[in-house]
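Step one of this worksheet: look at the structure below.
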Amino acid sequence: MFKTFLVSVLIVFGLTQTSLAQISPTNTVWGDGYNFDRVPVPYPNLRKADVFFAKRIWRVIDLREKINHPLYYPISPTNGRISLMSSILKGIEENSITAYRATDDEFKSPMSPEEVKGVLMKIDTIKDRFDPFTGAQLPDTTITTPFDVASVTMFRLKEDWVFDRQRSVLECRILGICPLREEYDIEGNLKGTRADFWIYFPQARNVLVKNEVFNRFNDGQRLTYDDWFFKRLFGSYVIKETNVYDRYIVSYATNLDALLESERVENDTFIFEHDLWEY
């Protein structure tokens, strides 16, 4: 009886050692984790006849705000995660995302991946150089600065707020995203922001849904960039709404007045939805 028990223990121990030896290492205790075959959740069908109200708004996401840090970091790939800008560039290189010119937010002027690389690179030309010994004029010097993902500190969004009377829902549909970079002069003074290109967000969703974004509250429930925008977990401010003059807020308001005007646009949409119901 004891010999039979001993043989059984040895067999179980041997099988356990064999199974442990065959375990391949993973980065998490629950396996590979994210399913990269995910597809974006489709938007509900929206008929033109059901659009009771619509308002187009342009807004800016500042990645330097703490709430938006998950879109900015990591600068370099870390633990299978890449930044929002890196995700967009990856999609453009793979021809999964089409880029459009920075001046075209109606998505009519597509750009090739090579043209996008040319826009992202910074090329400076030094002219009127002279030899200090002979006084002869030297040829112009061209300095090419490669693109740095960390230089993109803001994103501009173009979105439509639509009230669907068929479903009695006021919802937002993002149409486009445009990365922005700040430009400085030789003395380090800010000259303004530079728009690089536009991408059509419904097309980019197929790429953004395959890239994880850091969830500071739960490592076991990572979200994707598509989830982040769909749930509107970012912070932003309005820079323009549709108006008869087709002008931005900064053209008629500055400093605190511009901030208050931005909040007014947000509040008007909230009040409109609130006034649709009786309590």
Problem - Cβ pairs under 7 Å, 6+ apart, first in region 264-279 and without any contact (Cβ under 8 Å) to a residue 40 or more places away in the chain and closer than 18 Å to Phe52 by Cα, second in a loop (DSSP other than H, G, I, E, B) and open to solvent by 70 Å² or more (accessible area, probe 1.4 Å) - result: none
Practice task
Name the residue, out of Glu278, Glu171, that is in a loop (DSSP other than H, G, I, E, B), open to solvent by 20 Å² or more (accessible area, probe 1.4 Å) and not basic (Lys, Arg).
Solution key: Glu278
Problem - Identity of the residue in region 100-110, of a type in the set (Asp, Glu) and within 13 Å of Asp196 (Cα to Cα), that ends up surrounded by the fewest Cβ atoms within 10 Å (Cβ to Cβ) - result: Asp104
Fill in the blank from the handout: Of (1) open to solvent by 90 Å² or more (accessible area, probe 1.4 Å); (2) over 30 Å from Val29 (Cα atoms); (3) not in a helix (DSSP H, G or I), Arg216 satisfies every one except (2)
Problem - Answer from Ile97, Ile61 - the residue that is assigned to a loop (DSSP other than H, G, I, E, B) and buried (at least 17 other Cβ atoms within 10 Å of the Cβ) - result: Ile97
Exercise for the section: Evaluate the following for Glu183: is it without any contact (Cβ under 8 Å) to a residue 60 or more places away in the chain and in contact with a Gly (Cβ under 7 Å, 6 or more places away or on another chain)? Expected result: yes
Practice task
Kindly check whether there is at least one residue in region 70-92 that is closer than 16 Å to Phe229 by Cβ and open to solvent by 50 Å² or more (accessible area, probe 1.4 Å).
Solution key: no
Exercise for the section: Taking Phe107 as the residue in question, decide whether it is in a loop (DSSP other than H, G, I, E, B) and under 30 Å from Phe270 (Cβ atoms). Expected result: yes
Exercise for the section: Considering only region 154-199, state which residues are over 15 Å from the mean Cα position of the chain (by Cα) and closer than 14 Å to Ser236 by Cβ. Expected result: Trp161, Cys172
Exercise for the section: Please name all residue pairs, on different chains or six or more residues apart, with Cβ atoms under 7 Å, provided the first residue is in region 136-163 and is within 13 Å of Arg56 (Cα to Cα) and the second residue is open to solvent by less than 60 Å² (accessible area, probe 1.4 Å) and among the β-branched types (Val, Ile, Thr). Expected result: Leu157/Ile61; Leu157/Ile174; Leu157/Ile177; Glu159/Ile57; Glu159/Ile174; Trp161/Ile57; Trp161/Thr269; Val162/Val51
Problem - Enumeration of residues in region 219-244 that are in a strand (DSSP E or B) and open to solvent by 10 Å² or more (accessible area, probe 1.4 Å) - result: Leu223, Tyr237, Ile239, Lys240, Glu241
Problem - Matching residues, region 59-93, being β-branched (Val, Ile, Thr) and over 25 Å from Asp160 (Cβ atoms) - result: Ile75, Thr78, Ile82
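The values are calculated or read from the model by the stated rules, or taken from the named source; none is laboratory data. These figures come from a predicted structure and were not determined experimentally. Neighbour counts run over all protein chains shown; Cβ positions are idealised from the backbone, glycine included. For accessibility, only protein heavy atoms count, side chains too; no ligands or nucleic acids. Shrake-Rupley method; radii C 1.70, N 1.55, O 1.52, S 1.80 Å.
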